[in-house]
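Single-structure report; data block below.
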Amino acid sequence: MGADASDLSLVRRVQRGERGAYDLLVLKYQHKVVKLVMRYLRNPADAEDVAQEAFVKAYRALPQFRGDSAFYTWLYRIAINTAKNALAARERNPVSYELDLHTNDDSSDMVSRLKDPETPEGLALTEEIRDTVNRAIAELPEDLRTAIVLRELEGLSYEEIAESMDCPVGTVRSRIFRAREAIDRRLREVFDGGLGRTEELV
Amino acid sequence: MNQEERESQLSAMFDGELPATECELLSRRIDRDDNLRARWSRYALIGAAMRSEPVATARSGFARRVSTALRGVDERGRARRRRVLLNTAMAASMVVGVAGLSISMLRNAALVAGDGTPGPSATANTTASNTTLPEIVTAPTGGSAILATTSAAHRPSSAEPLSYVTPASVVNGNDALRTDLADFIVAHSQYSMPLMRRSLLSALVSNEDGAELAAAPRAPAGTPAGALHAATAASASSR
C-alpha cells in the first residue's frame with residue numbers, strides 16, 4: 001500500500017469540491033511545513049505566515065495535482081518556493097522590513113506576540129508538550145515504544161516495521177494505535193489543565 | 001464498528017496504511033465527528049513533538065487561519081466563475097443579436113432586389129428540392145448550347161424562394177439573369193463536388209463578363225462571331 005494512500009484519498013475529495021478534507025491535510029502537515037519554512041525564515045511568526053501562504057497556494061493548485069508524486073512532496077516544493085520568494089522579497093525591500101521591526105504600534109505588537117510561538121507562553125507550551133510526549137513514550141511497553149519510534153522517527157511503513165519486529169502487519173497497526181492512545185491520554189491532561197487550548201487544535 | 005476500532009482505523013489512516021475506500025468513508029466521518037478530528041490533530045502533534053518540529057503552531061490557531069483564508073479563496077473563485085458566466089452569456093447574446101440583424105438586413109436587400117413585396121418567399125431557402133428550377137433553353141443556333149432562362153423563371157411563385165443569391169445592384173438589367181444563373185448552378189450542383197461548385201460561383205460573382213455574355217445578343221449561327229460566343233459561354237459555365 002502506498003505511504004500516502006490516505007493523502008490521495010483526501011486530495012481526491014478536495015478536487016471534488018469538499019474543502020473539509022483539505023483541513024485534515026493542513027492539520028497533518030502544518031508542523032512539518034512550518035519547520036521547513038523556518039529553515040529560510042528564522043522568525044517563527046513570519047514562518048507561519050509563509051507556511052499559511054504555501055497551504056493556500058497548494059489549495060489553489062490542487063485541481064492540477066495528478067498524483068504523480070506524493071502529496072507531501074508536492075506540498076514541500078510549493079512551501080520551499082514560497083519561502084524563497086518571501087526571502088527574495090525581503091532582500092529586495094529591506095527598508096520596509098526594518099520599519100516593520102521598529103514599529104511602536106502597540107496593537108500590531110500584541111498581534112505579533114499572540115501569533116509568535118517564541119513568546120514565553122508559546123515556548124512554555126512547546127516545552128510542556130514535548131516533555132509530556134517524551135515522558136509518555138518512556139513509560140510505554142517496549143514493543144509499543146519501538147513501533148511508534150520506527151513509524152514517527154524513522155518513517156518506516158507498517159510492513160517494514162512488521163519485518164523489523166518480526167510480527168504481522170495487523171499487530172504493528174495495533175501497537176502503533178495503542179502507543180498513540182497512551183501518549184494522547186497524557187496530552188489531553190495537559191490541554192485540560194489549561195496550558196493549551198484544545199479548541200485551537202480542532 | 002465500535003469507537004475503538006474506528007480510532008484504530010484513524011491511526012492507520014494517519015499513517016497512510018488504510019485502503020483508499022476505507023479512507024474515503026472515514027474521512028467523511030471525521031468531517032462530522034469533532035472527537036475524531038481533534039484526535040487526528042493530536043496525532044499530528046505527537047509526531048511533531050517527537051521530531052522536534054515547532055508544535056506551538058497548534059496553539060496559534062494556524063489550521064483555523066488557513067481554513068478561513070481558504071474560505072475567502074472559494075468565495076472569490078465562485079464570484080469569478082459567476083462573472084465569467086455572465087460575460088459569456090452577454091457575448092453570446094451579442095453574437096445572436098448581430099447575426100439576427102445581419103439576416104434581417106440581407107433579407108431586406110433580397111426584397112429590394114426582388115419585387116419589393118415582403119412575403120413568405122423572402123425567407124432564404126437553400127434547399128434545392130423546394131425550388132423551381134430555371135429552364136434551359138437551347139438557342140436555335142445549330143446545337144451550340146447557351147445557358148438562358150425563360151421569363152417565367154424570373155418570377156417564382158410566392159411559396160418558393162426568390163433566389164439563392166442577392167444581386168449587388170438592380171441597376172443593371174443583367175443582374176436578374178446572373179441571379180438566375182447562380183440559382184441554376186446551385187440547384188443542379190447538389191451532387192457535384194463542393195470545390196467545383198465553389199469555383200463556378202466564384203467565377204460567376206467575380207466575372208461579370210460571364211453573365212453579360214450569357215445575356216448579350218447572339219450572333220447568328222454559322223458566323224465566326226456566333227461560334228466564338230458559343231465557345232466562350234461554354235467555357236465560362238464549365239469554369
Report summary line: Note on region B:1-22: residues surrounded by 15 or more Cβ atoms within 10 Å (Cβ to Cβ) and closer than 22 Å to A:R185 by Cα are B:R6, B:E7, B:S8, B:Q9, B:L10, B:S11, B:A12, B:M13, B:F14, B:D15
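Quick one: how many residues across region A:1-53 are within 19 Å of A:K84 (Cβ to Cβ), of a type in the set (S, T, Y) and in a helix (DSSP H, G or I)?
Adding up the residues that qualify gives 1.
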Query raised in the report: Among A:L8, A:L24, which is without any contact (Cβ under 8 Å) to a residue 60 or more places away in the chain, in contact with a Phe, Trp or Tyr (Cβ under 7 Å, 6 or more places away or on another chain) and closer than 23 Å to A:L156 by Cβ?
Result: A:L24
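Could you list all residues from region B:5-18 that are farther than 15 Å from B:Y43 by Cα and at the interface with chain A (Cβ under 7 Å from one of its Cβ atoms)?
Residue satisfying the conditions is B:L18 alone.
Residue-wise test of (1) touching a residue at least 40 places away in the same chain (Cβ under 8 Å); (2) within 11 Å of another protein chain (Cβ to nearest Cβ); (3) among the aromatic types (F, W, Y); (4) farther than 24 Å from A:L187 by Cα.
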{"residue": "B:E24", "(1), (2), (3), (4)": "no, yes, no, yes"}
{"residue": "B:D34", "(1), (2), (3), (4)": "no, yes, no, no"}
{"residue": "B:L70", "(1), (2), (3), (4)": "no, yes, no, yes"}
{"residue": "B:D74", "(1), (2), (3), (4)": "no, yes, no, yes"}
{"residue": "B:A79", "(1), (2), (3), (4)": "no, no, no, yes"}
{"residue": "B:V95", "(1), (2), (3), (4)": "no, no, no, yes"}
{"residue": "B:M105", "(1), (2), (3), (4)": "no, no, no, yes"}
{"residue": "B:N108", "(1), (2), (3), (4)": "no, no, no, yes"}
Query raised in the report: Name the residues in region A:4-43 that are within 17 Å of B:R51 (Cα to Cα) and touching a Pro at 6+ places or on another chain (Cβ under 8 Å), would you?
Result: A:H31, A:V34, A:K35, A:M38
Report summary line: By my count, helices (runs of 4 or more DSSP H) wholly in region A:83-186 with at least 1 residues that are surrounded by fewer than 18 Cβ atoms within 10 Å (Cβ to Cβ) and modelled with pLDDT of 95 or more are A:120-138, A:142-152, A:158-165
Report summary line: A careful count of residues in region A:32-49 that are among the hydrophobic types (A, V, I, L, M, F, W, C), surrounded by fewer than 24 Cβ atoms within 10 Å (Cβ to Cβ) and more than 7 Å from chain B (Cβ to nearest Cβ) gives 3
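The values are calculated or read from the model by the stated rules, or taken from the named source; none is laboratory data. None of these values were measured; they are calculated from a predicted model. Virtual Cβ from ideal backbone geometry, glycine too; neighbours counted across all protein chains shown.
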